[in-house]
Amino acid sequence: MIEIKDIVKIYRTGSETLTALDHVTLTIQEGEFTSIMGPSGSGKSTLMNILGLLDSFDSGKYFLNGKDVSDLTDDERAAIRNKEIGFVFQSFNLMPRMNVLENVQLPLVYAKVPMKERKRRAEEALKRVGLENRMYHKTNEISGGQKQRVAIARAIVNNPSVLMADEPTGNLDSKTTLDILRIFQQLNEEGTTIVMVTHESEMSAYTKRIISFRDGILQSDELQEPKVLPKGGV
Ligand SMILES: Nc1ncnc2c1ncn2[C@@H]1O[C@H](COP(=O)(O)OP(=O)(O)O)[C@@H](O)[C@H]1O
Ligand SMILES: [Mg+2]
């Protein structure tokens, strides 16, 4: 599904250059639940932004679902991104004046899905994250964990090929973190491909594969038996 070959990303600021990704090659298949690990500054977010078609790169190749997406314009990237990628960020990025249901419907508004269908699909996504009883709350009236569940519902409402999460529990306490991991494990069991950036081994223990970075270089790539959280009760 995701195939990158020899990706190099260089940041240039003034006369300084920084190689954030140094000839990275990897493949991610449908149905995987992978964590991207590494210390701060190792290139995790840079990789996520490239995989998620938020950013371009200097050299190498990227194939998404068999299509070469290496050399697209910003508009072309955005069009594919809206269809294929669901994002979850540490800072939730919700619209504070909209209610939960409206936030989740937003990607479907951009995709020009008819109103009735939008509502039905947003409700279904909210059920999958256990928030069907919070649909008409404003997003400033719910807890951090609930906000992140709204963001997850918004990320999956369009049925993307892959769900990408960059330090999704960085702002959450440890119990709420486990709630989010439980949702990810459930979604993955139902078929959603997930790539999660984290710098914490307590989090990556719950994923099926761990890819580690240091100084922009892929250090290791290992499959593991993930720790499993009991279902339900989110
Ligand atoms: N927009 C940018 N401009 C210049 N340097 C950047 C930019 N974004 C990231 N970097 C640098 O690239 C390296 C990798 O950053 P990043 O991908 O954010 O790492 P991580 O997510 O693992 O903490 C770091 O040294 C960081 O300072
Ligand atoms: Mg980062």
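The values are calculated or read from the model by the stated rules, or taken from the named source; none is laboratory data. Keep in mind it's a predicted model, so treat the numbers as computed, not measured. Glycine gets a Cβ as well: all are built from the backbone with ideal geometry, and neighbour counts include every protein chain shown.
For every residue, the table says whether it meets (1) over 13 Å from the mean Cα position of the chain (by Cα); (2) at positive phi; (3) more than 13 Å from ligand 2 (Cβ to nearest atom).
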| position | (1), (2), (3) |
| --- | --- |
| 34 | no, no, yes |
| 38 | yes, yes, no |
| 68 | yes, no, yes |
| 75 | yes, no, yes |
| 84 | no, no, yes |
| 94 | yes, no, yes |
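The single residue among 6, 22 that is crowded, with 16+ Cβ neighbours inside 10 Å and either part of a strand (DSSP E or B) or within 16 Å of ligand 2 (Cβ to nearest atom) (or both) turns out to be 22. Within region 170-200, if we keep just the residues that are within 16 Å of ligand 1 (Cβ to nearest atom) and modelled with pLDDT of 95 or more, the residue that is nearest to residue 46 (Cα to Cα) turns out to be 197.
Filtering 66, 38, 31 for residues that are of a type outside the set (Val, Ile, Thr) and free of Cβ contacts under 8 Å to residues at least 24 places away in the same chain leaves a single hit, 66.
Rundown of residues vs (1) surrounded by fewer than 17 Cβ atoms within 10 Å (Cβ to Cβ); (2) out of contact with any strand residue (DSSP E or B) (no Cβ under 9 Å at 6 or more places or on another chain); (3) within 30 Å of residue 9 (Cα to Cα), yes/no style:
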site: 67; (1), (2), (3): yes, yes, yes
site: 100; (1), (2), (3): no, no, no
site: 124; (1), (2), (3): yes, yes, no
site: 130; (1), (2), (3): no, yes, no
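Among the conditions (1) loosely packed, with under 13 Cβ neighbours inside 10 Å; (2) within 27 Å of residue 188 (Cα to Cα); (3) more than 16 Å from ligand 1 (Cβ to nearest atom); (4) polar (S, T, N, Q), the only one that residue 105 does not satisfy is (1). Identify the residue in region 168-189 that is within 27 Å of residue 20 (Cα to Cα) and surrounded by fewer than 21 Cβ atoms within 10 Å (Cβ to Cβ) and, among all such residues, is farthest from ligand 2 (Cβ to nearest atom). Across region 168-189, the extreme among qualifying residues is 171. For region 190-214, the set of residues classified as outside any strand (DSSP E or B) and within 14 Å of ligand 2 (Cβ to nearest atom) consists of 198, 199, 200, 203, listed by residue number. Evaluate the following for residue 161: is it of a type in the set (S, T, N, Q) and touching a helix residue (DSSP H, G or I) at 6+ places or on another chain (Cβ under 6 Å)? Spelling it out, residue 161 is indeed of a type in the set (S, T, N, Q) and touching a helix residue (DSSP H, G or I) at 6+ places or on another chain (Cβ under 6 Å). Name the single residue that is surrounded by the most Cβ atoms within 10 Å (Cβ to Cβ) among those in region 25-59 being more than 10 Å from ligand 1 (Cβ to nearest atom) and charged (D, E, K, R). Among residues in region 25-59 that are more than 10 Å from ligand 1 (Cβ to nearest atom) and charged (D, E, K, R), the one surrounded by the most Cβ atoms within 10 Å (Cβ to Cβ) is 32.
Against the conditions (1) touching a helix residue (DSSP H, G or I) at 6+ places or on another chain (Cβ under 9 Å); (2) under 25 Å from residue 142 (Cα atoms), residue 82 satisfies every one except (2). The set of residues in region 65-90 that are among the hydrophobic types (A, V, I, L, M, F, W, C) and over 12 Å from residue 195 (Cβ atoms) comprises 69, 72, 78, 79, 80, 89.
Among the residues of region 80-117, those identified as under 27 Å from residue 172 (Cβ atoms) and part of a loop (DSSP other than H, G, I, E, B) are 90, 91, 92, 93, 94, 95, 96, 97, 98.
Of the residues 212, 204, only one is within 16 Å of ligand 1 (Cβ to nearest atom), of a type in the set (S, T, N, Q) and surrounded by fewer than 22 Cβ atoms within 10 Å (Cβ to Cβ); which? Matching residue, one of 212, 204: 212.
Quick one: is residue 162 crowded, with 16+ Cβ neighbours inside 10 Å and in contact with a Pro (Cβ under 9 Å, 6 or more places away or on another chain)? It is false that residue 162 is crowded, with 16+ Cβ neighbours inside 10 Å and in contact with a Pro (Cβ under 9 Å, 6 or more places away or on another chain).
Among the conditions (1) in contact (Cβ under 8 Å) with a residue 40 or more places away in the chain; (2) more than 21 Å from residue 146 (Cα to Cα), residue 77 misses just one, which is (1).
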